[in-house]
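The values are calculated or read from the model by the stated rules, or taken from the named source; none is laboratory data. If you're wondering where the values come from, they're calculated on a predicted model, not measured in any experiment. Note that each Cβ is placed from the backbone with ideal geometry, even for glycine, and that neighbours are counted across all protein chains shown. Keep in mind that these areas ignore ligands, DNA and RNA; they rest on the heavy atoms of the full protein, side chains included. Shrake-Rupley method; radii C 1.70, N 1.55, O 1.52, S 1.80 Å.
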Amino acid sequence: MKLRASQCNAGDQHVSPSYYFTLYKKFQILDHVPEGTAHGTVAGIAGFTLATPKDVFAGSNRGALLGATSAASPLWAVLNSRAIGNNYPTPVYIGGVNWPTMPIGSPAGWSDFQVSAPAPKLVSVFADWINAGKPNDTPAGVIAGMPPPIQGGLDAGVVPFVCSMPGNDGIRPGAVPADFWATSLIFLVDPATGATANPSTLAASSEYYVVAVVGNRGDANGGRFAAVPGETIEVTGWVMVWNSGMSPAVQLPPLSNLDVLAIGGVYEQYFLNAGRYDVVGFRLPVQTVFDGLVKAIGESGVDLGGLTPQDWVHAEGAHLCAKVLIRTASQSWPTLGSTPVIERRIAQKNLAPFAIDLSVTNPDPAIHWENFMVGDVIEFLTGAALFDEELGRHRLQLHAELAKAMEIFLAIPPRSFIRWIAKPKLEGFEKLGAGEAQKLHPPFEGAIVLANRDKRCDRIAGFGQGVPGDVTGCPVPPRRTEARPGWRADGRAGYGDAEDRPPATMLHA
């Protein structure tokens with residue numbers, strides 16, 4: 001298998017600049033929030049503060065800061081005055097009031113966001129947002145769920161992490177649950193309102209933000225715009241299908257980009273103080289992400305057993321998996337296949353499935369198949385198999401709650417079976433004859449089908465699993481199946497006994 005990443009182009013849909021992530025976070029830098037002076041204090045200056053995102057809408061003792069248009073908005077006008085060459089306190093006359101040109105002096109960020117920034121620059125993006133109706137996309141619900149500051153016991157330096165559960169303090173290994181894909185503080189957010197969204201499916205015409213809670217377990221303030229500049233903190237967001245570490249992935253555009261059409265770059269966390277938390281955000285235009293995933297899967301060379309990439313993404317039960325990675329500039333990125341149980345710099349959340357506009361015909365209503373991918377990310381990314389023959393060997397454990405009389409089948413594309421399955425290690429499963437296998441209507445053409453008729457089976461890798469009968473009416477409905485990669489006793493990922501280690505692939509039957 002090969003891992004192929006595709007970038008997501010947000011330009012296919014009309015999008016507005018983000019108030020909270022694109023503008024407010026930059027206003028904090030310009031108005032001294034990191035150092036807690038000037039407009040960065042609770043009281044502010046002239047009644048104007050940027051201590052909270054609602055302050056821009058609240059105004060100042062001179063009057064409202066925002067108007068119906070950019071030209072009628074004093075906050076935009078004073079910044080624009082500076083952008084065209086005026087300095088403080090050159091007056092700007094708006095709404096019968098004189099407002100002083102801002103910012104004063106050369107605060108950190110003015111050069112980066114305005115003077116030296118490529119187009120579009122901060123002031124023009126601010127105007128675009130005002131003229132788009134000033135949507136307030138502050139993710140208030142996600143912010144309210146951030147843990148309180150970490151009290152004591154901080155690690156040395158800047159130690160960023162992504163929260164894999166409520167109250168996560170960044171300790172690894174710690175109390176991160178095995179089902180971290182359900183507990184991580186990663187959410188879909190409505191760009192128009194900032195409200196947390198829980199769609200049953202992802203419609204083609206929709207766009208969401210992927211918002212994650214990050215923290216700093218270190219005793220030093222991080223970020224190049226901290227009061228005392230620290231290490232740069234970078235964050236990336238990825239989505240893939242079926243929660244598989246080896247699945248082709250699409251990188252999401254960061255909301256810190258001034259250019260809403262940009263497809264590259266990382267989200268920069270401007271400052272993250274010791275023991276504190278914040279939220280980061282990425283765009284998720286559904287249609288574009290879907291197109292990107294189909295393309296990435298098609299280019300990956302993965303054996304889909306006769307399915308088209310679009311069939312694979314649309315297959316029953318397929319859901320979108322979001323992964324958020326964080327690092328300091330001196331660190332390498334954690335791999336997409338890292339487990340959050342031991343790697344604090346990555347978190348994962350299973351989101352909703354794509355909406356299926358065209359119905360998918362089940363080849364046999366008497367059997368329910370689930371498709372999934374398995375593979376070794378570490379071996380692929382590092383080439384470590386050249387030095388350790390055990391790398392790439394997996395022990396697959398299937399955990400299913402079924403009626404005793406029921407069986408589990410594994411269907412494997414023939415090319416994958418020949419190449420990857422260690423036949424001498426095949427225990428517990430019986431290989432069915434071609435005729436008997438085809439009667440089950442497996443999801444792949446010419447698939448090798450294995451039947452679990454020996455309950456000792458725990459050493460098989462497969463790509464499709466099935467249970468006979470109408471799953472909606474079986475006596476004990478299949479609730480959950482997990483595919484677990486092996487681990488070594490020393491904790492190295494991917495090899496040896498799996499036992500109590502976290503599952504790498506979650507399948508819903």
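When you check Gly152 against the structure, is it at pLDDT below 95, of a type outside the set (Asp, Glu) and either open to solvent by less than 50 Å² (accessible area, probe 1.4 Å) or on the phi > 0 side of the Ramachandran plot (or both), yes or no? Answer is yes for this residue.
Considering only residues that are under 16 Å from Gln348 (Cα atoms) and open to solvent by 30 Å² or more (accessible area, probe 1.4 Å), which ones fall in the range 199-230? Listed by number, the list is empty, since nothing qualifies. Among the residues of this structure, Gln13 counts as one that is among the polar types (S, T, N, Q) and at pLDDT below 75.
Checked against (1) under 30 Å from Val15 (Cα atoms); (2) part of a loop (DSSP other than H, G, I, E, B); (3) open to solvent by less than 20 Å² (accessible area, probe 1.4 Å); (4) not aromatic (Phe, Trp, Tyr), Ala192 meets all criteria but (3).
Considering the conditions (1) over 26 Å from Phe290 (Cα atoms); (2) open to solvent by less than 30 Å² (accessible area, probe 1.4 Å), Ser124 is excluded by exactly one of them, (2).
Inside the range 155-170, can you point out the residues that are part of a loop (DSSP other than H, G, I, E, B) and either crowded, with 23+ Cβ neighbours inside 10 Å or of a type outside the set (Val, Ile, Thr) (or both)? Give the derivation first.
If we filter the range 155-170 for residues that are part of a loop (DSSP other than H, G, I, E, B), which is where we start, we get 156-159, 163-170.
Hits for the range 155-170 are Ala156, Gly157, Val158, Cys163, Ser164, Met165, Pro166, Gly167, Asn168, Asp169, Gly170.
Taking the condition under 27 Å from Asp155 (Cα atoms) and buried (at least 20 other Cβ atoms within 10 Å of the Cβ), does Glu234 pass? It is true that Glu234 is under 27 Å from Asp155 (Cα atoms) and buried (at least 20 other Cβ atoms within 10 Å of the Cβ). Quick check: anything in the range 89-101 of a type in the set (Ser, Thr, Tyr), part of a loop (DSSP other than H, G, I, E, B) and under 35 Å from the mean Cα position of the chain (by Cα)? No, the range 89-101 has no match at all.
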